[in-house]
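As structure tokens, the structure follows; a few thoughts come after it.
The values are calculated or read from the model by the stated rules, or taken from the named source; none is laboratory data. Everything numeric here is computed off the predicted structure, so don't read it as measured data. Cβ placement follows ideal geometry from the backbone for every residue including glycine, while neighbour counts extend to all protein chains displayed. What goes into the accessible areas is simple: the full protein's heavy atoms, side chains included, and nothing from ligands, DNA or RNA. Shrake-Rupley method; radii C 1.70, N 1.55, O 1.52, S 1.80 Å.
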Amino acid sequence: MSQTAAAARYVGQSVKRLEDPRLVTGHGRYVDDIVLPGMLHAAFGRSDLARATITRLDTSAAEALDGVHAVYTGADLNSYNDSLRASLHPPESPAPPANMLADGDVRFVGDPYVMVVAQSRYIAEDALDLVEVEFEPLDPVVDYETAAESDHHVHPELGGNLAHDLPVPNPATDEAFANAAYTITETWHQHRQTNVPMETRGIVASWQPHAGVMEVWASTQSPHELQLVGARVLGIGEHKMVVHFGDVGGGFGQKMFLGREDMAVLVVAKLLGSPVKWIEDRRENLLASNHARIEQMTVKMAVGEDGSFLAADLDQLEDDGAYPLGGPATPGAMATMLYPGPYRMGPVSWRARTVYTNTCGRGAYRGPWQMESVAREQMIDRVAREIGMDPLELRRRNVLTPDDLPYQVSTGLLYETTISPKQTLEQAAEMIGYDEFRAEQAQAREEGRYLGLGMALYIEPTSMGMGPLGTESAMLRVEVDGHVNVFMGTGSHGQSLETTMAQLVADELGVRPEDVTLHQGHGSGYGFGTGGSRSAVIAGSAARAAASGVREKVVAIAAHLMEASADDLEVGDGVISVKGTPAASMTMAQVAATAYQNSDALPPGTEAGLEHTARYKAPPTTHSNACHICTCELDPGTGKITLLRYVVSEDCGVLINPMVVDGQIAGGVVQGIGGVLYEHAVYDASGNPLASTFLDYLVPTAAEVPELECGHVVVPSDTPGGHKGTGEGGAIGAPPAVFNAVADALAPFGAYPNRQPLDPNAVLSLIASASDE
Amino acid sequence: MKPAPFEYHAPETVADVVGLLAEHGDDAKPLAGGQSLVPLLAMRLTRFEHIVDLNRVDELFGVSLDNGGISIGAMTRQAAVETDTAVADRVPLLHLATPHIGHFQIRNRGTIGGSIAHADPASEYPAVMLALDGVAEIASASGFREAPAAEFFESTFMTAVAPDELLVALRFSAWDQPAGFAFDEIARRSGDFALAGAAVGIGTDAAGRINRAAVGMLGVGPTPLRASSVEAALMGLATSDADPAEIGRLAAEDMDPIGDVHASVEYRRRAGSTLVGRVLANALAQVNTEAGNG
Amino acid sequence: MADQIPLSMTVNGQTRRGLGEARLTLADFLREQAHCTGVHLGCEHGVCGSCTVLMDGEAVRSCLLFAVQADGAGITTVEGLAPDDETLHPVQEAFRDCHGLQCGFCTPGFVVSVAAFLEANPDPSDEEIRHGISGNLCRCTGYQGIVAATRQAAAVMKGSGQS
Ligand SMILES: Cc1cc2nc3c(=O)[nH]c(=O)nc-3n(C[C@H](O)[C@H](O)[C@H](O)COP(=O)(O)OP(=O)(O)OC[C@H]3O[C@@H](n4cnc5c(N)ncnc54)[C@H](O)[C@@H]3O)c2cc1C
Ligand code: FES
Ligand code: FES
């Protein structure tokens, strides 16, 4: 960090977003807006069966249709398969065959087995209707709880459905359980949900023969993953893979990795030599992009007489579906390791398993291992109920306080001194008016009304500094007229990076945010893109460092030209002036013009030009933390849950743009609300998806969500700007907070929910079965 | 998600519409607001060789006064029904039910005829039509006929309107007595089709005794249904004597729910009964205030 | 290929002519032949509201209309709301002020819907706002900024007599 940086003028301000003028007027440029001469349109034919052998596939009628350019099957494309591994997936670990198109058999409803390329999407879909295909149905593996034992194998190549089994026993827990006053066990279930970016996936690929260049426009969170893996698929160098990054309509993890369809489009664009566009439609997106949160964790907790947490034993099982997006990773292992969260938990033993099923593949969804918070926070409320202690009091007794820090967690994590769970717990309790609410709740119960309160406290590992995720770069150039272009490996798709990175650069370099343009994709240096709550800390630190490098040079040049001492100069809003003597000044444009166009006037030995590239390597983790509390009312006649208030107290360190932080939290919270109360990507027992449209997959609307109240505790992290990641947290805290609120409202009925969604149907049947007992 | 090709027809008179329907039979489909038909076409869940657009047939639009009641042209937009003062005045249940249909953008295109002809069992207008004994006016190449609501809804998505027929208008009579009306439903989200709902009209004699009861239910059967047990239990009671929650429970007997992703048979029965009770209470409260005011 | 039908409509004040099959949706016509790529397709089955435009002044889903049905009509898309290249419509301004958008994909549909909603309801309560905008889905913002923006736009438009 530069010691001479101007005082923060823009960081910390709710600067209005630079991306907005084009987006609010309809002038954004998303992938579907790209039109190239001769561009053709792709559509995929997809399986209607969960598991089946393809006994006949005849594409001749489809090929004969006017306007159809080509029809491909697995046999045509799958020779490219060896190169499909995502960057995060280690080459040595077993993986399902990464077929672009199903070949010989289909393995989930939505599995693509044929691809048509035609004059228009309308004609491509007409051709799909003409593809003649026959299937021999096979027994599908649908239930992930029994998948590991099933004789039917999702991927016969792998010889079984168990993808991962990671047992981590810990003998120290035995003693703790033996001495515990209470041992409480429950299995917590999440259910199948999906990311639902409002813009579906999509890609346009254009091959330039002889040049050997593939030019791509895509809806992606990670243009460099696309560049790297795409080049590998095509057998070209990364220097011939040009990835343009435009506006991206959300992703939430879904657009971190290439899908099978993306790769097929790349290959086909090269085979055909014409530009090819594929825009996923909403049904494809709901059935075949990625699903998430299909998991359960059995938790056994040892608790002392006074409510202290003594030990935990965890058993996590997750459904990977057939083709997990980005490879068969093991978020379950992370979920168990992170289980202790912001508490003194004692020793923990765990096991984490993942299985394949004949369903849509699992992929990252905002807070991909948030099961740790779901299971823990729901468990804590259960413990409170079992031992007859108020849930806030129980958390107060176990939460880590500043005196406990730094803190070595028994599972191997190390918490730095800059976390603040105790402070956020207290701030949130204060914001909601905890004691007043409890009084109101008691009063309401006397009137036959059922109110509930739920809270969730968590610590989130953000900006993980390992492997391909560890670094980001920024190449910053002050142009001849003094305006700034900065090229970064990020993939902003709603995170406002064009504004927040500009704020960081503005302060560090001494210009105005609107003088800075962020360029992503082609021309930027390698980075893993935007996801995993990593851009503020990792990319932000790179942007700062690049700006600071240029600033030093600006000051040196100005000092030389103004015959002043560099120490006496300050830079702000594009003006370099002598401290205390504002009249003695020159502009960034003057310095830049000298640097490029009159380099003889530069101080001796100074290289011409005004640019600097910096790469930042992040520490292993930067933890952020938050507490969510919400209240609800339950209608026992209809089972309808109405959320009343929702408060969040969070610590993401130094806020770059408070409005943007609150926005990130709100978006995540509403996804969490959706997950617990509305959304369910449900399959029937034969593996047929029942929520294939927006009439069945219920994304919450404005009418279902309460006003969000956000409080901030600011403990700066040790990273250069003092920031911590905040992109995912909302979606981590909300599910257990909402779940706990509903469980609290259900308590008077004697009901003990342990699975979601808590839709009206589930709520009424919980009440009914509790009263039957 | 793009529709299959079709031939497009934009007739301007009912005579031309029924001529086209007669000519093309099962291959033709009328297009009203398109808010149900076009999604089905886009997803290729259904397809027709001929689409007969009703949007340029002026005679199908508008609300007219009819013998103390009203007649509503099939192509009258739901938004127009919502704001029409004659509707609010003479058939309050239609007015009360309309805001529950989808969202304002849907109601700007969606038509009352489309809702009734589509006959989704979870839809609002069919339940109101059934409760109020509305009458459908139907045209075909061989002339006009009428179908009373009780005979109109044959099974899920199936009505008395044959493929070569056109629903032209819906007639409702006004209640010429002290009366109260209420409508409510439970839906998963704002604007969604109902999981269960009820449309209730209560009429009394001058002494405040119930002599007319109309209870329509949506979402609790293969078609919209009437809660005849509830209606029977109400007749002859003084409004102040009726225990709506108690009487509402009787509605469960009149239901024949179908379970789906959103709610089970058992749920629809329970929540449906609760709603009938609550809507009944609101309707009764309406009568009381009217009597009080009058 | 099926018959191409000549199409003509007024889009954002200009006459736009084109050709399309009967099945061409209004949304696709606007995007591909009228250069209104602000008309976004989030579902193509009428639920998300991203494709909302004004047809003869009324907010409608352009994915649920065929272009031929709009022949002769007046269409306003999000591109047609701002009075000039330097000025935003009060609803657009409010979305920017209140962080009513993140990725921006749902935004054109929201902006058009909110403009139409406020036209009919110049002084809405928060409850009315939440129900009024419930026909549009946003996956990024949690609606907080959108509700606030609608509130702000209502106040501004009322003040300037624009509604
Ligand atoms: C997001 C969304 C939410 C919705 N929510 C609801 C809701 O909560 N409640 C609800 O009731 N509806 C809802 N709808 C459906 C909407 O109300 C439809 O408009 C209505 O069901 C059909 O009316 P339409 O005019 O659009 O008819 P179309 O979609 O044009 O036609 C529907 C069917 O009726 C036939 N038809 C139409 N008019 C005639 C006629 N005059 N004679 C013979 N046949 C005819 C058509 O051939 C077609 O089979 C929703 C729709 C959407 C997209
Ligand atoms: S694209 Fe038209 S409503 Fe979703
Ligand atoms: S801003 Fe991304 S969907 Fe609304």
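Quick one: which of B:Ala149, B:Ala160 is among the small types (Gly, Ala, Ser), without any contact (Cβ under 8 Å) to a residue 60 or more places away in the chain, farther than 20 Å from B:Ala198 by Cα and not assigned by TED's automatic domain parsing to the domain that holds B:Asp260? Show your work before the answer.
On the way: B:Ala149 fails: farther than 20 Å from B:Ala198 by Cα.
Step by step, each of B:Ala149, B:Ala160 is checked, and only B:Ala160 is among the small types (Gly, Ala, Ser), without any contact (Cβ under 8 Å) to a residue 60 or more places away in the chain, farther than 20 Å from B:Ala198 by Cα and not assigned by TED's automatic domain parsing to the domain that holds B:Asp260.
Entry remark, segment A:126-172: residues being assigned by TED's automatic domain parsing to the domain that holds A:Pro96, in a helix (DSSP H, G or I) and open to solvent by 20 Å² or more (accessible area, probe 1.4 Å) number 4 in total. Do we find a residue being within 9 Å of another protein chain (Cβ to nearest Cβ) and touching a strand residue (DSSP E or B) at 6+ places or on another chain (Cβ under 8 Å) anywhere in segment A:652-661? Scanning segment A:652-661, I find no residue that is within 9 Å of another protein chain (Cβ to nearest Cβ) and touching a strand residue (DSSP E or B) at 6+ places or on another chain (Cβ under 8 Å), so the answer is no. Consider segment C:58-82 and keep the residues that are out of contact with any strand residue (DSSP E or B) (no Cβ under 6 Å at 6 or more places or on another chain), within 27 Å of C:Gln144 (Cα to Cα) and hydrophobic (A, V, I, L, M, F, W, C). The one that is farthest from the other protein chains (Cβ to nearest Cβ) is C:Leu81.
For A:Leu497, the conditions (1) within 14 Å of chain C (Cβ to nearest Cβ); (2) within 15 Å of A:His522 (Cα to Cα) all hold with the exception of (2).
Taking segment C:1-56 as the range and being aliphatic (A, V, I, L, M), more than 20 Å from A:Thr25 (Cβ to Cβ) and within 9 Å of chain A (Cβ to nearest Cβ) as the test, the residues that pass are C:Met1, C:Leu24, C:Val47.
For segment A:729-743, the count of residues that are open to solvent by 10 Å² or more (accessible area, probe 1.4 Å), of a type outside the set (Val, Ile, Thr), modelled with pLDDT of 95 or more and in the same structural domain as A:Asn657 (by TED's automatic domain parsing) is at least one.
Of the listed requirements (1) polar (S, T, N, Q); (2) within 14 Å of chain C (Cβ to nearest Cβ); (3) open to solvent by less than 40 Å² (accessible area, probe 1.4 Å), B:Ser71 misses just one: (2). Number of residues in segment B:190-215 that are touching a helix residue (DSSP H, G or I) at 6+ places or on another chain (Cβ under 7 Å), more than 10 Å from ligand 1 (Cβ to nearest atom) and open to solvent by less than 10 Å² (accessible area, probe 1.4 Å) equals 11. Return only the number of the condition from (1) of a type in the set (S, T, N, Q); (2) part of a loop (DSSP other than H, G, I, E, B); (3) within 23 Å of the chain's Cα centre (by Cα) that A:Gln671 does not satisfy. Here A:Gln671 clears every test but (2).
Entry remark, segment A:86-103: residues being at pLDDT below 85 and under 18 Å from A:Val265 (Cβ atoms) number 2 in total. Restricting C:Glu93, C:Glu79 to residues that are more than 16 Å from ligand 2 (Cβ to nearest atom), closer than 30 Å to B:Pro3 by Cβ and part of a helix (DSSP H, G or I) narrows the list to C:Glu79.
Inspection of segment C:47-69 identifies at least one residue that is assigned to a loop (DSSP other than H, G, I, E, B), crowded, with 22+ Cβ neighbours inside 10 Å and more than 9 Å from ligand 2 (Cβ to nearest atom). Inspection of segment C:133-144 identifies at least one residue that is over 30 Å from B:Pro11 (Cα atoms), more than 15 Å from ligand 2 (Cβ to nearest atom) and within 14 Å of chain B (Cβ to nearest Cβ). For segment A:685-705, the count of residues that are among the aromatic types (Phe, Trp, Tyr) and in contact with a strand residue (DSSP E or B) (Cβ under 8 Å, 6 or more places away or on another chain) is zero. Among the numbered conditions (1) part of a strand (DSSP E or B); (2) within 16 Å of ligand 3 (Cβ to nearest atom), tell me where C:Pro6 comes up short. Unmet condition: (2).
Table: residues versus (1) on the phi < 0 side of the Ramachandran plot; (2) in contact with a helix residue (DSSP H, G or I) (Cβ under 7 Å, 6 or more places away or on another chain); (3) hydroxyl-bearing (Ser, Thr, Tyr); (4) within 16 Å of ligand 3 (Cβ to nearest atom).
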| position | (1), (2), (3), (4) |
| --- | --- |
| C:His35 | no, no, no, no |
| C:Val47 | yes, no, no, yes |
| C:Leu65 | yes, yes, no, no |
| C:Gly74 | yes, no, no, no |
| C:Val78 | yes, yes, no, yes |
| C:Cys98 | yes, yes, no, yes |
| C:Cys103 | yes, no, no, yes |
| C:Asn121 | yes, yes, no, no |
| C:Gly132 | yes, yes, no, no |
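Given the conditions (1) of a type outside the set (Ser, Thr, Tyr); (2) touching a helix residue (DSSP H, G or I) at 6+ places or on another chain (Cβ under 9 Å); (3) surrounded by fewer than 22 Cβ atoms within 10 Å (Cβ to Cβ); (4) more than 14 Å from chain B (Cβ to nearest Cβ), and given that C:Asp85 satisfies all but one, which numbered condition is not satisfied? The single condition C:Asp85 does not satisfy is (2).
Of the strands (runs of 3 or more DSSP E) contained entirely in segment B:12-94, those carrying at least 1 residues that are within 21 Å of the chain's Cα centre (by Cα) fall at B:28-31, B:63-66, B:69-73.
Using the structure shown, decide if B:Glu82 is modelled with pLDDT of 95 or more and closer than 24 Å to B:Pro163 by Cα. Lay out the reasoning, then the answer.
Values: modelled with pLDDT of 95 or more: yes; closer than 24 Å to B:Pro163 by Cα: no.
No: the conditions fail for B:Glu82.
Residues in segment A:562-569 include none that are of a type in the set (Ser, Thr, Tyr) and within 20 Å of A:Arg477 (Cα to Cα).
On inspection, A:Arg293 fails the criterion of being open to solvent by 20 Å² or more (accessible area, probe 1.4 Å) and within 26 Å of A:Pro757 (Cβ to Cβ). Against the list (1) away from chain C (no Cβ under 14 Å); (2) touching a residue at least 60 places away in the same chain (Cβ under 8 Å); (3) touching a helix residue (DSSP H, G or I) at 6+ places or on another chain (Cβ under 6 Å); (4) within 19 Å of A:Met39 (Cβ to Cβ), the condition A:Arg232 fails is (4).
I'm trying to understand the selection: among the residues of segment A:40-81, which are modelled with pLDDT of 95 or more, within 32 Å of the chain's Cα centre (by Cα) and surrounded by 17 or more Cβ atoms within 10 Å (Cβ to Cβ)? Steps first, answer last, please.
The first filter runs over segment A:40-81 and keeps only residues modelled with pLDDT of 95 or more, leaving A:40-73.
Next cut, within 32 Å of the chain's Cα centre (by Cα) only: A:40-51.
The answer is A:Leu40, A:His41, A:Ala42, A:Ala43, A:Phe44, A:Gly45, A:Arg46, A:Ser47, A:Leu49, A:Ala50, A:Arg51.
Exactly one of (1) more than 12 Å from the chain's Cα centre (by Cα); (2) in the same structural domain as C:Met9 (by TED's automatic domain parsing); (3) in a helix (DSSP H, G or I) is unmet by C:Glu127. Its number? C:Glu127 satisfies every listed condition except (2). Among residues of segment A:264-290 being in a helix (DSSP H, G or I) and more than 30 Å from the chain's Cα centre (by Cα), the one that is surrounded by the fewest Cβ atoms within 10 Å (Cβ to Cβ) is A:Leu271.
List the strands (runs of 3 or more DSSP E) inside segment A:173-251, counting only whole elements, that have at least 3 residues being away from ligand 1 (no atom under 16 Å from the Cβ) and within 26 Å of A:Ala43 (Cα to Cα). If you could, list the steps in order and put the result at the bottom.
Details: elements: A:182-189, A:202-208, A:213-218, A:241-244.
The qualifying strands (runs of 3 or more DSSP E) are A:202-208, A:213-218, A:241-244.
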